[in-house]
Every structure is written in structure tokens, then in C-alpha cells.
Amino acid sequence: MRGSKGEPIEWELISVGTVRRELGTLQAAINYSHKEGLLTSAPVVTLPSKPQPKDRWLTRDEAAKLLWTAYRSHKSKHIARFILIGLYTGTRKDAIIRMGFCKNTIGGWFDLEAGIMFRMSESERITKKRRTPAPIPRQLLGHLKRWHAQGCHWAVEYNGGMIKDPKRGFAKAAKEAGLTDVSPHTLKHTAITWALQNGVKTWEASGYFATSQETIEKVYGHHAPDFMESAKKTIERRRK
């Protein structure tokens, strides 16, 4: 298919999850308009079935390759910082890019003296996407202190300012590293998966990664060393 000037049109595939979210927003807008008297009725928007949660996470080697690929590029060093924070804290993309080194009205901040990260500012509205405070891992704390000493105001900066969206830079680094089916959100999947593989309990992971325990158990629970261990032992137990 071609556009008005004869150029071929490139279609961008949209995931089922994105379609579902946008239709849900449309339904909310319809319901609000009906409540305010702008519509005489509120038609029901049919949503596609909820897709299965992705289980794509990075191995240690893949993460190292992605990080090194981003770091060695002068234009992508800020992506390397984004990757480090994502891997160590499992914080969502939008929260990471708004985190600074002091309290601000835009987003969260890293308290380097107390070793605590605050994923949201005091003025931000609390939503379903929980962003609870958590201790900063010592490995990441060392990097953060160095970046701050270099004069950075934001944890992830490009040309001295806050970045808008690391999506393109991340995709470029992933492609050059030979990784497929990865996105910035893969870092959160990876952080939680590694934590459970190392024996962190689901309730502790829930608090640290600001994710419900139900989601932790449903999406990542099978990575835990003791996953359904009691059930397995019961099945293996010989009958008397």
C-alpha cells in the first residue's frame, strides 16, 4: 500500500497489550463523558483477551554484553547507566529517567548518604504502579556516587540534561549486542528473576521491586529454587 505521494507505507505492529490498554483508556473516557452528561449512553468497549505475561529475562552473559555494547558507544553511555539502574533495582523505565540526586518535583531521587532510593517525589500522585522506597545495592551506589561527583543532577543524563525516552537507544544497543525480544521493561523482569533465583522470598521481592506479591508469584515464582518444593516432596514420598 502507498501513501498520497506514492511512497510505500510502513506499518508498525502493535502488541495486544498496547491495544488493550488504549481501548481501556477509551472506555474510561466514554464512562467519564457519560457521567458528566456529555453522552446519553455509555457503550461498552470490547477488549481483547489479556495476553500471557512475558518471561523474557537476560542471562548474566546477555546483560554484560548489552551493558558493554551501550557503554563503549560515546552516544549511548547514558543507556549504560539506565541499564545498570534497571538491573540492580528493577525500577520501571518512566521512574528511572525522572530520578535525580536530590529531592525534586518531577520524580524520585537517590539519597546517597542514607543509601535509599525514592522512586517518586512527594508531590506525585500515588497510582497502581507502586513506587516504594528501597535500599540501594552497594554495587550501584558506587556508580551513583561517581556520577554525582562528576556534576550530574540526574541519574541518567544526556548532554547535561534529563533524557526523554531511552527506547530507541536501548533498542539500538540490544540490536548491536545481538539480543532479540528485549525492551527496557526486560530489565525489571531480569532483576526480579535473578533475585528469586538467588533465593529471595516472594514477599521480600514484592516490597523491594514495588510489585504485588501475586504478580511476583504468578510471573516469576517458578524461578525460585524452592518452587513447589513441598508438593514435589509429597509426590516423591513413598507410601507406607
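The values are calculated or read from the model by the stated rules, or taken from the named source; none is laboratory data. In this text, all values refer to a predicted model and were calculated from it rather than measured experimentally. Positions of Cβ are generated from backbone atoms using ideal geometry, with glycine treated the same way; all protein chains shown enter the neighbour counts. Calculation scope for accessible area: heavy atoms of the full protein, side chains included, ligands and nucleic acids excluded. Shrake-Rupley method; radii C 1.70, N 1.55, O 1.52, S 1.80 Å.
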Just name the residue that is surrounded by the fewest Cβ atoms within 10 Å (Cβ to Cβ) out of those in segment 150-176 that are in contact (Cβ under 8 Å) with a residue 24 or more places away in the chain and in a loop (DSSP other than H, G, I, E, B).
Lys164
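Every residue, every condition in (1) surrounded by fewer than 19 Cβ atoms within 10 Å (Cβ to Cβ); (2) modelled with pLDDT of 90 or more; (3) acidic (Asp, Glu); (4) more than 14 Å from the chain's Cα centre (by Cα), yes or no:
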| position | (1), (2), (3), (4) |
| --- | --- |
| Leu144 | no, yes, no, yes |
| Gly178 | yes, yes, no, yes |
| Ile192 | no, yes, no, no |
| Gln197 | yes, yes, no, yes |
| Ala205 | no, yes, no, yes |
| Phe209 | no, yes, no, no |
| Gly221 | yes, no, no, yes |
Here are some residues: Lys5, Lys50, Lys35. Which one is open to solvent by 80 Å² or more (accessible area, probe 1.4 Å) and at pLDDT 85 or above?
Lys35
